[in-house]
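J.: Questions regarding the structure given below will be posed in turn.
The values are calculated or read from the model by the stated rules, or taken from the named source; none is laboratory data. Every value quoted in this text rests on a predicted model; they were computed, and no experiment measured them. Methodologically, a virtual Cβ is constructed for each residue, glycine included, from the backbone with ideal geometry; neighbour enumeration extends over all protein chains shown.
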Amino acid sequence: MEEIPKRKQLMLPLLETLEENGGSMKSAQAVEALADRFKIPEETRNEHTHVKAWGKKVYPWTQQIHWTRMDAVEKGHILQGKRGVWELSDKAYDTLENCSAGVVFTIYESPMGKALWATAETGVGMLKENSVDLVFTSPPYPLEGSKKSYGNLTGAYYTEWLLDIARGWKKSLSPDGSILINLMDVWNPGIPTRSLYIEKLLIGLCEDLGLHLADRAFWQCPNKIPSSHWVTQKRVRLNTSHEHLLWLSKSPHPKADNKRVLQPYKNLKAMEAMKKRKTKKGPNGHLSSSKAFHTIHAGKIPHSVIECANASSTDQSFSKACKREGIDIHPARMPLPLANFWIKFLTEMGDHVHDSFLGSGTTALAAEQLGRRWSGIERSRLYLNGAALRMRENNIQVETR
């Protein structure tokens, strides 16, 4: 008999099938609809393993669906209802938009990884200890007075929430692994002063969790649009064009190699001319050796300010694909070149990269294309649909659940 999906793989498709059919179906219809959805052949649907003492045949496929329905009833997703009719609960409808705490579903898999539909708090508990080489993620920013569709907390709640998730990251991190968090400065409510949440979070990560601050870097976006009335209307502040990149690690010596991210030299002629200069004292009083520039390497070492255009400029094909398929696109997408840079710098081929706020799937796509294993967590089913589409648009085979 052909292998049939496991119960944990059937839960979400069962809920989706009921939703697509008005929220209620007869049990026999649901079983057949799921068989069609998974392309279960007729012989597997009708094959039975044994006959019970009272003469009833046992069909593994049908039995698996009924067990899945029992699990859904236990979790409150399907109502008890009348016999033979399966009906979605209000909780199930809420869950089908944004996943509830404690619920974990695999939405899609690729050759190198899988995307889980779960809250970050729940999903991070699924990671194995010492299994992740890089956590690369961009959590929702704590924007006061601006509730986002992808969810965001504010104030002290935000710091404590992210520290709780980071405890799971640290546990899953390999001894020489790293955590790279992308954060943005935000204004204090009602006044043109900056929140200190990044500084408070950083102190908590290092002093409370025992992580090491390997370095701080910045993402410079040259086409950043002003987003505050303090800049555009009151005209009392400048347009902030950078975001923070906090690099933390489990040990003081995390895996990293800047030779993997060398950048092209801008002026090789000037470097050739530097070879001819003699030893002399510079403005700072230090002697400069005449041999200091005799070796021209494969490229220059990048600065800690990484310049990269925003995602709206770099993934227009993805935006068009989402519009074509009628899929809601994530409003705060990370540019692919930024993810490529840090994954190259901090990991090697075959390493495991994790993102607890997968969003539009930038981390997953970058890891896949660079030959790294990956895992991702996202609470919105709508954004996961877009992330799966992004993989397909880049000719990566994706198996959806």
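J.: Scan the stretch 331-359 residue by residue and report those that are touching a strand residue (DSSP E or B) at 6+ places or on another chain (Cβ under 8 Å), outside any helix (DSSP H, G or I) and not acidic (Asp, Glu).
T.: Passing the criteria: MET334, THR347, GLY350, HIS352, VAL353, HIS354, SER356, PHE357, LEU358, GLY359.
J.: Next question. If I ask for residues that are aromatic (Phe, Trp, Tyr) and touching a Leu at 6+ places or on another chain (Cβ under 8 Å), which ones from the stretch 319-367 would you list?
T.: Within the stretch 319-367, just TRP342 meets the criteria.
J.: Still on this structure: Does SER319 fit the bill of being in contact with a Gly (Cβ under 6 Å, 6 or more places away or on another chain) and hydroxyl-bearing (Ser, Thr, Tyr)?
T.: Numbers: in contact with a Gly (Cβ under 6 Å, 6 or more places away or on another chain): no; hydroxyl-bearing (Ser, Thr, Tyr): yes.
So SER319 does not fit the description; no.
J.: Could you check, for the stretch 161-179, whether at least one of its residues is assigned by TED's automatic domain parsing to the domain that holds TRP374, touching a helix residue (DSSP H, G or I) at 6+ places or on another chain (Cβ under 7 Å) and at pLDDT below 95?
T.: Within the stretch 161-179, not a single residue is assigned by TED's automatic domain parsing to the domain that holds TRP374, touching a helix residue (DSSP H, G or I) at 6+ places or on another chain (Cβ under 7 Å) and at pLDDT below 95.
J.: Moving on. Filter the stretch 220-260 down to the residues that are among the aliphatic types (A, V, I, L, M) and over 19 Å from LYS344 (Cα atoms) and list them by number.
T.: Once the filter is applied, which keeps residues that are among the aliphatic types (A, V, I, L, M) and over 19 Å from LYS344 (Cα atoms), the stretch 220-260 yields ILE225, VAL231, VAL236, LEU238.
J.: Restricting the first residue to the stretch 122-134 and requiring it to be in the same structural domain as ALA166 (by TED's automatic domain parsing) and at pLDDT 95 or above, which pairs with a second residue that is surrounded by 13 or more Cβ atoms within 10 Å (Cβ to Cβ) and of a type in the set (D, E, K, R) meet a Cβ separation below 6 Å and a spacing of at least six or different chains?
T.: Matching pairs, first to second residue: GLU129/LYS171; ASP133/ASP351.
J.: Sticking with this structure for a sec: Report, by residue number, each residue of the stretch 352-379 that is aromatic (Phe, Trp, Tyr) and touching a His at 6+ places or on another chain (Cβ under 8 Å).
T.: Initially, the stretch 352-379 is screened for residues aromatic (Phe, Trp, Tyr), giving 357, 374.
Once the filter is applied, which keeps residues that are aromatic (Phe, Trp, Tyr) and touching a His at 6+ places or on another chain (Cβ under 8 Å), the stretch 352-379 yields only TRP374.
J.: Inspect all residues belonging to the stretch 360-377 and state whether any of them is assigned to a helix (DSSP H, G or I) and surrounded by fewer than 21 Cβ atoms within 10 Å (Cβ to Cβ). Show your work before the answer.
T.: Keep residues of the stretch 360-377 that are assigned to a helix (DSSP H, G or I), which gives 362-369.
Within this subset, residues satisfying the condition of being surrounded by fewer than 21 Cβ atoms within 10 Å (Cβ to Cβ) are 369.
Looking for residues that are assigned to a helix (DSSP H, G or I) and surrounded by fewer than 21 Cβ atoms within 10 Å (Cβ to Cβ), one finds at least one in the stretch 360-377, hence yes.
J.: Which condition breaks for HIS297 when tested against (1) surrounded by fewer than 13 Cβ atoms within 10 Å (Cβ to Cβ); (2) modelled with pLDDT of 70 or more; (3) part of a helix (DSSP H, G or I); (4) not acidic (Asp, Glu)?
T.: (3) is the only condition that HIS297 fails.
J.: Checking the structure you have, find out if any residue of the stretch 160-172 is free of Cβ contacts under 8 Å to residues at least 24 places away in the same chain and in a strand (DSSP E or B).
T.: no
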